[in-house]
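**Student:** Quick one: the structure is below, and I'll ask about it shortly.
Each value in this text was obtained by applying a stated rule to the coordinates, not by laboratory testing. Here the structure is a predicted model, which means the values were calculated and not measured. A quick note on method: Cβ atoms are made from the backbone with ideal geometry, for glycine too, and the neighbour counts reach across all protein chains shown.
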Amino acid sequence: MAQQGTITTLLKEGRVYKPSAAFAKAAHLGGRAAWDALRRKAAKDPVGFWEARARELRWEKPWRKALDWKFPFAKWVVGGRINASVNCLDRHLDGPRANKAALIWEGEPGDQRTLTYRQLHREVCVFANALKAFGVKAGDRVAIYMPMVPEAAV
């Protein structure tokens, strides 16, 4: 008999689905060798690695220090301020990604929806205006409970 709180059955998945050569060639990392090289680079200089990743984002206020480490606490990009919505959505509107898929969703019964960055931005603006109509202002905290549907990202 199993003890309370223990898992007695585990699903072990062993299947591997390799991407096509064309997909791998067009990917950000074009294969396992590129992935391994990136991992080695990150292991050799973790702070420099994450600083380089942070520089790929748009910052409202740049950070003063990449890492402030006082064991056991770590603070990254100290003093920096970022707008997550700008980095996840807005920065893609002026470039080649504007009409590419930003969100691909498939529901339980197989229904599907795909929203481009431009379509997703429009939905976000519509919803933001709805919140404003309810009196929500900058700095207010709002919690909305929703199932895993595209509107949850909006």
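**Student:** Grab the beta carbon distance between W35 and E13, set R0 = 25 Å, and tell me the FRET efficiency rounded to 0.05. Write out the running numbers ahead of the final one.
**Tutor:** Details: r = 20 Å, r/R0 = 0.79.
About 0.80, to the nearest 0.05.
**Student:** Put +1 on the Cβ of every Lys and Arg and -1 on every Asp and Glu Cβ in the chain; which of A21, A98, W63 then has its Cα farthest towards the positive end of the dipole?
**Tutor:** Of the listed residues, the answer is W63.
**Student:** Can you list which of the trypsin sites (Lys or Arg not before Pro) found in the stretch 53-154 are DSSP loop residues with at most 12 other C-beta atoms within 10 Å? Intermediate results must be reported in sequence, preceding the final value.
**Tutor:** Working: sites: R53, R55, R58, R64, K65, K70, K75, R81, R91, R97, K100, R113, R118, R122, K132, K137, R141; in loops: R58, R64, R97, K100, K137, R141.
Sparse-neighbourhood loop trypsin sites (Lys or Arg not before Pro): R58, R64, K100, K137, R141.
**Student:** Which residues does a label at A128 reach in the stretch 42-69, if reach means a backbone N under 12 Å from a point 7 Å past the Cα toward the Cβ?
**Tutor:** Under cut-off, by backbone N: nothing.
**Student:** Across the chain, how many lysine pairs separated by 8 or more positions, or lying on different chains, have Cα atoms within less than 30 Å?
**Tutor:** Going through the chain pair by pair, I get 23.
**Student:** Place a point 7 Å from Cα of H28 in the direction of its Cβ. Which residues in the stretch 50-82 have their backbone N less than 17 Å from it?
**Tutor:** Under 17 Å, as judged by backbone N against the label point of H28, lie 50-59 of the stretch 50-82.
**Student:** Given +1 on the Cβ of Lys and Arg, -1 on the Cβ of Asp and Glu, and no further charges, what dipole in debye does the stretch 41-104 carry about its Cα centre, rounded to the nearest 20? Could you put the intermediate results ahead of the total?
**Tutor:** Details: 14 positive and 7 negative charges, 31 e Å.
The calculated dipole for the stretch 41-104 is roughly 140 debye.
**Student:** Still on this structure, please answer the following. Between T116 and residues 5 or more places away or on another chain, which pairs have amide H atoms under 5 Å apart, with H built 1.01 Å from N, and which residues are they?
**Tutor:** Residues meeting the amide H criterion: A102.
**Student:** When the dipole is taken about the Cα centre of the stretch 20-154, and only Lys, Arg (+1) and Asp, Glu (-1) are charged at their Cβ, what size is it in debye, to the nearest 20?
**Tutor:** Values: 24 positive and 14 negative charges, 150 e Å.
Roughly 720 debye, rounded to the nearest 20.
**Student:** Same structure, new question: Output needed: percent of Cα pairs per 5 Å distance bin for the chain, bins running from 0 to the one holding the longest distance.
**Tutor:** 2, 6, 9, 11, 13, 16, 16, 13, 9, 4, 1, 0, 0
**Student:** Something else: I need to check one value: relative contact order of the chain, counting alpha carbon pairs closer than 8 Å and at least 6 residues apart, in percent. Before the final figure, lay out the partial values.
**Tutor:** Working: 110 pairs, mean separation 17.3, N = 154.
The value is 11 percent.
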